[in-house]
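Written below as structure tokens is the structure these notes are about.
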């Protein structure tokens, strides 16, 4: 339970010395009298990516009435600490409000935060009046923003708040949980003994346990990621997992552009399951290019399914950080009046 639900808790001030993007630094003291929405996010998080358009829409809709929005980018992985990566993500997401880089978790700890995404709404008097963790709850959040503006003295006619589309007929199923691929938070189905942070040879005789990744070939397992450690003539070594979901994403990067082959149950992906980062090659295989450190969309389907996914590579230095899986068949929309 959050403290502001037990009593009045004043929002902590943003520390000095942090790097701000999309404008000058923000001071809660100077914003006294205005509601402020503080949104904790990190750019490779699929849940954050689906939430950001709604945060941006709130800013566009209520900025002139006095609402301020601050994005607090607190990294989950080391590459998310790099300013250039975050700046690129801001541009791709179309974010126009201020974003502060919270690389050392200073603001995260001040707000006793423990999840991405997580938004806090601060009233005109500097007191935290509302918070929401995770996706959804967009209508509830917008209504809270409207109430905060009214409490701040805004007497304009407020826009109609539509019910969340996520609650209108979407179907969700039991889904493979997020799978981390570094040894600090993840584990594998066929790595009983190995030396961490050093190249090892792994053999996969077939995926046996669902929802666990398996390695085949030459890999280095680090704290945050698994890295392919040998250059090959063809893509024959792989990372595999048996999963249940509508869609699959993977957080990855490569020093040089690498071509990754993706198979489902030993075959190329069907056309109606190709993720946004996937292409069909001339030989019929389904491939994607990996370079930038970000989340890549592998599988996107309107049908819930189960299968074994193989991520094959021939390139040395490709790193994979985490799998995420989509469990609902509805696609969130930001096309609201």
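Worth pointing out:
- Matching residues in the stretch 97-142 - criterion: being in a loop (DSSP other than H, G, I, E, B) and touching a helix residue (DSSP H, G or I) at 6+ places or on another chain (Cβ under 7 Å): 97, 102, 103, 116, 117, 123, 124, 134, 135, 136
- Condition met for residue 336 (outside the structural domain of residue 191 (by TED's automatic domain parsing) and either at pLDDT below 95 or part of a strand (DSSP E or B) (or both)): yes
- Evaluation of residue 25 against the conditions (1) over 26 Å from residue 155 (Cβ atoms); (2) part of a helix (DSSP H, G or I); (3) over 20 Å from the mean Cα position of the chain (by Cα) shows that the sole unmet condition is (2).
- Checked against the criterion of being over 25 Å from residue 281 (Cβ atoms) and at pLDDT 95 or above, the stretch 242-260 contains one or more residues that satisfy it.
- Residues satisfying the stated conditions in the stretch 28-37, i.e. out of contact with any helix residue (DSSP H, G or I) (no Cβ under 8 Å at 6 or more places or on another chain) and either outside the structural domain of residue 70 (by TED's automatic domain parsing) or assigned to a strand (DSSP E or B) (or both): 36
- For the stretch 314-325, a residue qualifies if it is more than 20 Å from residue 48 (Cβ to Cβ) and crowded, with 24+ Cβ neighbours inside 10 Å, and exactly one does: 318.
- Candidates 43, 62, 54, filtered to the one that is buried (at least 21 other Cβ atoms within 10 Å of the Cβ) and either without any contact (Cβ under 8 Å) to a residue 12 or more places away in the chain or farther than 18 Å from residue 133 by Cα (or both): 62
- Count of residues meeting criterion [in contact with a helix residue (DSSP H, G or I) (Cβ under 8 Å, 6 or more places away or on another chain) and assigned to a loop (DSSP other than H, G, I, E, B)] in the stretch 72-96: 5
- When residue 183 is tested against (1) out of contact with any strand residue (DSSP E or B) (no Cβ under 9 Å at 6 or more places or on another chain); (2) not assigned by TED's automatic domain parsing to the domain that holds residue 46, just one condition goes unmet, and that condition is (1).
- Of residues in the stretch 289-302 being touching a helix residue (DSSP H, G or I) at 6+ places or on another chain (Cβ under 8 Å) and part of a strand (DSSP E or B), the one modelled with the lowest pLDDT: 302
The values are calculated or read from the model by the stated rules, or taken from the named source; none is laboratory data. Predicted model, so just to flag it, every value in this text is computed and none were measured. Quick reminder, even Gly has a Cβ in these numbers, built from the backbone with ideal geometry, and neighbours come from all protein chains shown.
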